[in-house]
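> What follows is a single structure, and I will ask about it in a moment.
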Amino acid sequence: MTDDAAHPTAPTTSPRERRRARPWIVATAAVLLGAGVVSGAAYGWSVFAQARFTVANQQSVQVAHALTDVSDQRGAAIDKAKVTTSAVDSFVAQPHTGYVSAAALDALKKADNDLHSASNDLTYAPEEVTPVPSRPSDLWPLTVIRELLLIRTSTDGEVALLKSRAAELAAMKTAQKEIGTAGTAVYGEVKAHAEATMKAAVDATYESRIGLTHALAGASGSVSFSGMGLPAIISASDAVAASEAAGQAAKQDPAYPAHAAIEAYARSIAHGVNLDFQWHQVVGGYGTGWYSGTTMYHEGDGGWATIDLNFDTVDGWSRGDVDAKALITHEVGHSQVVRPECRTLFTGPVFNSDDEMWATAWAISMGFDDEGSGIQAYGRPSDQQIATAGQCR
């Protein structure tokens, strides 16, 4: 046995054997690296797919909200158009000679036709928005792509519908604006005519002029073709014109001088209460052989009243009969309760709103302690009542 055999050495790997070992080590590393790449790619695809779905979902929601809003506005505009065209159609169909120029009326008709064209074929259609998923049903590429395309197609359809309805809404708004402009011009002409009619109406009744004042106030600040709008102004203007014509014609009545004298006397003791007068053969059921009158009073509009007298009262006035004058004073007394300083006396405990006793006491306080003051019909008031009514002077 040699020394080499007695002292063996550890096995060693030859250079060739070392070279064979490296491919195994590299292959192991490659497998581990490949698994990481696949895992990273899957994760990256998942993040990408979710991001695309999130964007698509947000876009779809935004479009859906915009479409719902425009659809609702469009529906309201359709309803408004129906109301507007109905009112304007009715207005332009009426005669407006003397109130509105042909040019102003033609402009209104054109605007009305434009609104008809923009709205007649439309109906309100609330938008039923289909919910859009916020994530894909799975992460297979074909599934993700297919579902994204479906969302995109749906969104594109809603965008197209949004644009269409927005255009219809804009057309109706434009036509409504045209009607507003044309209506303002018409209103200006109608108002000017009404004010001129009022100014010229020196013989029209206070009641008719109050009606026109209310109509003008009711239409102030807005143009309406129905209700208390332009038709009301025209109607009230016609009423004032008719009242003025009647007042002018009344001056041709042989009894006019007596009527005018009675009216002047009544107004001279009315303390500013506006008085209208009517004349009839029979008033309150009493005609020939009786002095009779009635009074309807109103607290609003500055305080006013309408006094109706029968023809015999006019005849008695013309003959100088004190009872006729006393009755006229009694009727003026009714009107005095619209005055604030007299209203509390009338409604207080002395009269308790007794119209006839008040008017009788007031006539007596004016110096007419006669049968015609109301004593014959209602009895004589107490001294306290006469004194209280006398405070309304």
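A short reminder: the numbers here are calculations on the coordinates, not readings from a lab. Quick caveat, the model's predicted, so the values are computed rather than measured. Every residue, glycine among them, receives a Cβ derived from its backbone with ideal geometry; neighbour counts consider all protein chains shown.
> How far, in nm, would the chain grow between Ser164 and Glu371 when pulled straight, counting 0.36 nm per residue and subtracting the alpha carbon separation?
Details: separation 207, 0.36 × 207 = 74.52 nm, distance 8.33 nm.
That works out to 66.2 nm of additional length.
> Residues in the stretch 336-364 near a label at Arg393, defined as backbone nitrogen under 13 Å from the 7 Å Cα→Cβ point?
362-364
> Grab the Cα-Cα distance for Val282 and Asp121, subtract it from 0.36 nm times how many residues apart they are, and report the gain in nm with one decimal.
51.9 nm
> A follow-up question, please. Could you name the lysines whose alpha carbon sits less than 27 Å from that of Lys163, not counting residues in the same chain fewer than 8 places away?
Reachable lysines: Lys80, Lys82, Lys110, Lys173, Lys177.
> Efficiency by 1/(1 + (r/R0)^6): what FRET value for Ala217 and Val83, r their Cβ-Cβ distance, R0 = 30 Å, to the nearest 0.05?
Working: r = 23 Å, r/R0 = 0.76.
The value I calculate is 0.85.
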